[in-house]
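Peer 1: Take this structure, written in structure tokens, and hold onto it; I'll ask about it next.
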């Protein structure tokens, strides 16, 4: 990546951090780096290419070093999931962008390949690997998106407040679970528990192939 393109993508990330993803435009970016909008097109051909470049920039931060990775498949997947969550904690808008863009940049494809290789090492049948990769990616990005948006924030025990003005009798599940719904949530502990469940699913998929 050229130094000028790096500067442009860094500026785009800064704008998104300061004002949200919707504020990232070719005009705003040109103003930030001190060029005309037309000058940007030598480095990013259009808004779609800019967003793809931002995805690549974000995912570059979750990639392991180039040196050989001696960790086992479970440790590699955990490290990738933790790094992805950390990126979205630093850039709360990132989860929405990662969900909305295909994995087409070099760094994005490398992230997917790391998951592929981990699943193959775990013994998952080749035909099952793409499906499980989608499940893992969707969980990690979805958890991060929910966390960043405040969806996981503590709410009210009152079912009416949670799900509209429905009679309480229409929400028996909420009534049964009321003592547990609004306990202080340790999201890190929940994330770790979810990862442990995913590892069990991966092992189960591998065992079915034996």
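The values are calculated or read from the model by the stated rules, or taken from the named source; none is laboratory data. Predicted, not measured: the structure shown is a model, and the values here were computed from it. Positions of Cβ are backbone-derived with ideal geometry, glycine not excepted, and every protein chain shown enters the neighbour counts.
Peer 1: Inside region 24-72, counting only helices (runs of 4 or more DSSP H) that do not spill past its ends, which hold 1 or more residues that are over 22 Å from the mean Cα position of the chain (by Cα) and without any contact (Cβ under 8 Å) to a residue 24 or more places away in the chain? Reasoning before the result, please.
Peer 2: Values: elements: 26-33, 37-40, 47-60.
Here the list reads 26-33, 37-40.
Peer 1: Tell me which helices (runs of 4 or more DSSP H) are completely within region 132-210 and hold 2 or more residues being farther than 26 Å from residue 98 by Cβ, out of contact with any helix residue (DSSP H, G or I) (no Cβ under 7 Å at 6 or more places or on another chain) and at pLDDT 80 or above, or say none if there are none.
Peer 2: Details: elements: 159-163, 172-181, 187-209.
It comes to 172-181, 187-209.
Peer 1: Would you say residue 80 is within 27 Å of residue 201 (Cα to Cα) and surrounded by fewer than 18 Cβ atoms within 10 Å (Cβ to Cβ)? Step through it out loud before you land on a result.
Peer 2: Values: within 27 Å of residue 201 (Cα to Cα): yes; surrounded by fewer than 18 Cβ atoms within 10 Å (Cβ to Cβ): no.
No: the conditions fail for residue 80.
Peer 1: Limited to region 1-22, what total is found for residues that are free of Cβ contacts under 8 Å to residues at least 40 places away in the same chain and farther than 21 Å from residue 102 by Cα?
Peer 2: 8
Peer 1: How about region 73-121: which of its residues are modelled with pLDDT of 90 or more, in a helix (DSSP H, G or I) and under 20 Å from residue 48 (Cα atoms)?
Peer 2: None - no residue of region 73-121 is modelled with pLDDT of 90 or more, in a helix (DSSP H, G or I) and under 20 Å from residue 48 (Cα atoms), so the list stays empty.
Peer 1: Suppose we filter 46, 52, 22, 31 for residues that are surrounded by 13 or more Cβ atoms within 10 Å (Cβ to Cβ), out of contact with any strand residue (DSSP E or B) (no Cβ under 9 Å at 6 or more places or on another chain), modelled with pLDDT of 85 or more and within 26 Å of residue 141 (Cα to Cα); which single one remains?
Peer 2: Numbers: 46 fails: surrounded by 13 or more Cβ atoms within 10 Å (Cβ to Cβ); 22 fails: surrounded by 13 or more Cβ atoms within 10 Å (Cβ to Cβ); 31 fails: within 26 Å of residue 141 (Cα to Cα).
On inspection, the qualifying residue turns out to be 52.
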